[in-house]
Amino acid sequence: MGFQPWWLNDLCFPFNCAGMKTGTGTNMQDCKQPRSRLYNESFATPQGAMSKTQELADRVERLLLRHEELKRTNELLEQQVATLTHERDNLRSRLNAARSRIDALLERLPVDAPVSSRNEGDTP
């Protein structure tokens, strides 16, 4: 290949056609020219690899922070569950004590004078 004018390089679309059905257009000869890197090609330089490594390190750091946050949240929730379980058990105990007192009071009521046997006209 010899000298090519600058405008000849601009005849192809500036994107990577990998995986697409190519060769069906009318400017196929122009698109087969060696070109500089396309704008959507991935970087294969060490700087690009360093960038990927830094992105991965940042993501791992965020995941570790999220993990610590979730651990703290889980501990707080476990404390709340323990507190509520203790409160529930206390309320159950109080309910059983109240039932026992009511049963004792019901036992003390006279059996021969049922409450439902009163006439409507009677005053209490």
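Neighbours of LEU95, meaning other residues whose beta-carbon lies under 14 angstrom from its beta-carbon, give a summed charge of +2 when Lys and Arg score +1 and Asp and Glu score -1. VAL81: net charge of surrounding residues, Cβ under 14 Å, Lys/Arg +1, Asp/Glu -1, itself excluded? Here the count lands on -3. Spin-label model, GLU75 to ASN90: label points 7 Å out along the Cα-to-beta-carbon direction sit 2.4 nm apart.
Since every read-out is calculated from the coordinates, none of them should be taken as a lab result. All values derive from a computational prediction rather than experimental measurement. Positions of Cβ are generated from backbone atoms using ideal geometry, with glycine treated the same way; all protein chains shown enter the neighbour counts.
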